[in-house]
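As structure tokens, the structure follows; a few thoughts come after it.
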Amino acid sequence: MKRHSVFARQADLHVILHRPMSTRANPHASVNRMIVDGFWSALMLKPMSALIGIIYLVVLVRAASTESYAVYVAAWAIIEIATLVSNAGSLPAAYRYVNRTSGSAYSPAGPVFPILALRAITLICTVPIIFVILQFQDGSPSLAALLAVFPIFAAIIFAEGMARMTDVMLESCLAQRRVQFSQMLRISFKLIPLLYFSSKSEITVQQIFIAEAIGVGIGLLTSAGSLGSLYWKKERPNGKKEEFQAIMRYALPAYLTQFANVFYSIDAFKIVLSKLSDPFVLATFGFAHSISGIVQRYMPVNMLSGFMRPLFIHSVHANDDLASLNTCNNLWTKLNMVTVCIALTVFCYNGNWIISIIEENYVDSVVVILVFLVSFLVSSLRLCLANFCLSIEYPRPPLFAEIACIPSLLFIVPISMAFGALGAAFVVLLNEFIWLSVCLLSLKKAVGVRLAIDWLGLLKIGAIVFCVCSSAFILVFGNFASIVASIIALIAFAGGIWLTSAFREDERVAMLALVSRRGSSQA
């Protein structure tokens, strides 16, 4: 792949986004309009959900005891693992094969009902398995406490799994506005009962789960209603139907990738820590991950996931060339890195102050948060590579990478016992490097896959943030106020990005094409 501007070629994203807005003359016009509209919908609504989520976290950690919060952390680790393991290939199939119908802006096409039925059956079968497993967890107070609230816990597992599936289908139809509205309702209706309970006394585990169940249930009803309203008014698709064998040929390896991830995921680490470590270590690790996870949700690849995944897939379908796909991959990787670098800079100068405002009991978690943020720098490329492999229907590199990371679960216990939550965070960072190395090596050996990563641009961003963050001590010792030092550092970071031309010309053109007009489709 030549390094000159690939946007001058037929696979030009700028051209894709600026085609005439006439759906009869151009079948891609409605897609172009929806892509841009989805970008702006996610950009406006997702930060609102994140802000409500921050308020929810602050209220929870202040109103709950350390033991109750540890139960909450362990419970959501189980929910994340259960929803992932139980999908049996339905999530990858929905990601790749549920899409909009031709001739209709948002209507879902593909195996919608079979996937929803499979998802419901697998979730129902998962609940009794979890109940049996919890019966043997007397050695873990955090896990054993879940038995007392298991009916509510089981309802949350089912509702969360179905809500995520319907959200994925809406995203695949480019109905990003509906998805974001549903998610905002979900977190809002968790917060309202939590505020009510916390106003009376210290909240209990049961009250936490009641608030969670209310929010997740309303989220499911909203997203399911949106999906149903779109489906029943749809125009029947004219395109070919994917064969079941073709779907499973991609979906099953992709599911095995998700399944392998469970064994070394942060949620698996939380469960192991809940069983073998002090509750305070688990609470600190969970708190640090929750705070840094807010930054992770703001990373473009996550914040705009429902917009980004269809864009990657559309880039492949629009032409036989991977030029635009490689440009998308490089652009989003750099945008992710910039987002994390801003957060990393702010925490280097103001970490203690930020955490002391939220909850002084966890002020020692600042270094753990910084390690998580550094791991997000590596995962910037990882997440984009996963979308790249999804788009070209090539699931093996991520699968090999996940398998290579599984042995790290053996080290989490001794390392956390020796170094606490900080040691566990370093294991997470190591896993990101292992995953990235194995995936890149597998893609390099793949025949016909032309992956062109702008390593020089990524190196420039990494070098700039290293210089800015390492200057923190000099600025603070020079009697600069912490907030003033942060502003200076961020200005220096932005100036470094501009002076070094970390974003190539084709990437700058793509960004301008994306934000230059909003589109007019209505969800």
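Order the peptides 176-183, 200-207, 262-269 from the highest to the lowest mean number of other Cβ atoms within 10 Å of their residues.
Ranking, from highest mean packing down: 176-183, 262-269, 200-207.
Going by average Cβ density within 10 Å per residue, which order do the peptides 482-488, 51-57, 329-335 take, highest to lowest?
329-335, 51-57, 482-488
Values in this text are rule-based calculations from the coordinates and carry no lab data. In this text, all values refer to a predicted model and were calculated from it rather than measured experimentally. Note that we place each Cβ from the backbone using ideal geometry, even for glycine, and neighbour counts take in every protein chain shown.
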